[in-house]
Amino acid sequence: MQAEIIDVIDSHTGGEPTRVIVGGGPDLGGGPLAERVARFRGTFDHVRTRVMNEPRGSEAWVGALLVDPGDATCDFGVIFFNNAGYLGMCGHGTMGLMETLRHQGRVQEGSYRIDTPVGPVTAVLHPDGTSSVFNVRSYRHRAAVEVEVPGLGRVTGDIAYGGNWFFLVKSAPPCALEIGSEPKLRAAALGVRRALEGSGITGADGALIDHIEFFGAPGDASNDSRNYVLCPGGAYDRSPCGTGTSAKLACLAADGNLAPGAEWRQESLIGSVFSSTYRSAPDGDGILPEIRGSAHISAVSQLVFDPRDPFLNGIPT
Ligand code: PYC
């Protein structure tokens, strides 16, 4: 039997990798992207695990399937996923997607509408090589929620939406936000996530809170904050996390701690930075964030799937 091939273009945004499937991906048909995600999950989930899991991927990766948009006002559509499942939106991944499309000669400087399962976003490629993502409406759902976490005690945080669901821990982090402390931060964040789930604490409409954020002082004084972001599959976001920064802006706005139009510079665990700002949503319900950063192409490859390969569909996680 012949090996199957999937064409991918890899990039990283502030150190966080994105792998865009540009050929050989599943045909999900037409219709709203939320329906196409259900088709992806139901019929083609093995494609996700093939591309994301070891030995071809790793838990750090976010994958993106480029599709035709469901919304006629959009130029492109995208479905993001990782080693654990599917994402509503992905900020660093949208920057990676735009750099991929630029590499392919399909876009140039300017503004593009991108359809996602949680609604259209706008991506702008700037002359200096950076890109902005004008994200979906983001909002704080609940403030100062307390949860008892084994080993950590009582932890307080806000629940906010930025295209994915986040618990933004307000209590002091368990240790300094430094790369050397990543295993300790990961264990603590996993504990918070388990405790939230165990206590039945969710986002709106019972949505699972699958991203946890700790905050601390920035390493570079020209930034406002450093974060540690636990992603659904257990990896930390090497970038400051576009949807996580959107959730952070929503909380800052709700507390009156950042005015519309003011800049917030969010630094990641490894020191990469997103510059961000927001406008109030038209109905005053939440905010419309802009997140700006830069992505770089790292590989243009063909993934090969030999039917005799025992790990054809990736190592199960
Ligand atoms: O940048 O929005 C983001 C993101 C979500 C998960 C990993 N990165």
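The values are calculated or read from the model by the stated rules, or taken from the named source; none is laboratory data. Please read these numbers as outputs of a predicted model, since none were measured by experiment. Here the Cβ is made from the backbone with ideal geometry for all residues, glycine too, and neighbour counts use every protein chain on show. These area figures cover heavy atoms from the full protein model, side chains too; ligands, DNA and RNA do not enter into them. Shrake-Rupley method; radii C 1.70, N 1.55, O 1.52, S 1.80 Å.
So if R0 is 30 Å, what FRET efficiency would Arg106 and Asp45 give, r being the distance between their Cβ atoms, rounded to the nearest 0.05? Could you put the intermediate results ahead of the total?
Details: r = 28 Å, r/R0 = 0.92.
Working from the Cβ atoms, E equals 0.65.
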Pull out the extension gain between Asp220 and Glu4, defined as 0.36 nm times the separation in residues minus the alpha carbon to alpha carbon distance; nm, one decimal. 73.1 nm
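Determine by what factor the alpha-carbon radius of gyration of the chain differs from 2.2 N^0.38 Å, reporting the quotient. Provide the component values of the computation, followed by the final result.
Details: Rg = 18.8 Å, N = 317, 2.2 N^0.38 = 19.6 Å.
The value comes to 0.96.
In what sequence, largest accessible area first, do Phe167, Phe76 appear using a 1.4 Å probe? Provide the component values of the computation, followed by the final result.
Working: Phe167 0, Phe76 25 Å².
Descending accessible area places them as Phe76, Phe167.
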Can you report the principal axis dimensions of the stretch 3-83 using only the alpha carbons, biggest first, rounded to whole angstrom? 35, 30, 20
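So for His141, His296, His126, His211, what's the accessible-area order with a 1.4 Å probe, most first?
Values: His141 70, His296 95, His126 30, His211 5 Å².
Sorted by accessible area, descending: His296, His141, His126, His211.
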Pick from Ala217, Ala247, Ala160: which is most flexible by mean-square fluctuation in a GNM of the chain where alpha carbon atoms under 10 Å apart are linked? Ala217
Extended-chain gain in nm, criterion 0.36 nm per residue less alpha-carbon gap, Leu208 and Asp27: 62.4 nm
With each label point set 7 Å from Cα along the Cα-Cβ vector, what nm distance links Ile201 and Ala172? 2.0
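In Å, what Kirkwood hydrodynamic radius results for the stretch 20-167 from the alpha-carbon pair distances? Mind dumping the intermediate values first?
On the way: mean 1/r = 0.0600 Å⁻¹.
About 16.7 Å for the stretch 20-167.
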Once all protein chains are kept in place, Leu303 shows an accessible area at probe 1.4 Å, nearest 10 Å², of 20
Gain upon complete extension [Ile179, Ile315; 0.36 nm per residue less C-alpha separation]: 46.3 nm
Leaving out ligands, DNA and RNA but keeping every protein chain, what accessible area does Glu148 have, in Å² rounded to the nearest 10, with a 1.4 Å probe? 110
How far apart, in nanometres, would the label points at Ser301 and Arg142 be if each is projected 7 angstrom from Cα along the Cα-to-Cβ direction? 4.1
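Report the convex hull volume per residue for the stretch 184-289, counting only C-alpha atoms, in Å³.
Values: hull volume 11.3 nm³, N = 106.
Cα-based convex hull of the stretch 184-289, divided per residue, equals 107 Å³.
Heavy atoms only, probe 1.4 angstrom, no DNA, RNA or ligands counted: give me Ser298, Ser276 ranked by accessible area, highest first. Spell out each step's value before the answer.
Numbers: Ser298 75, Ser276 5 Å².
The residues order as Ser298, Ser276, largest area first.
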Taking the full set of protein chains and a 1.4 angstrom probe, give the accessible area of Ile6 in square angstrom, rounded to the nearest 10. 10
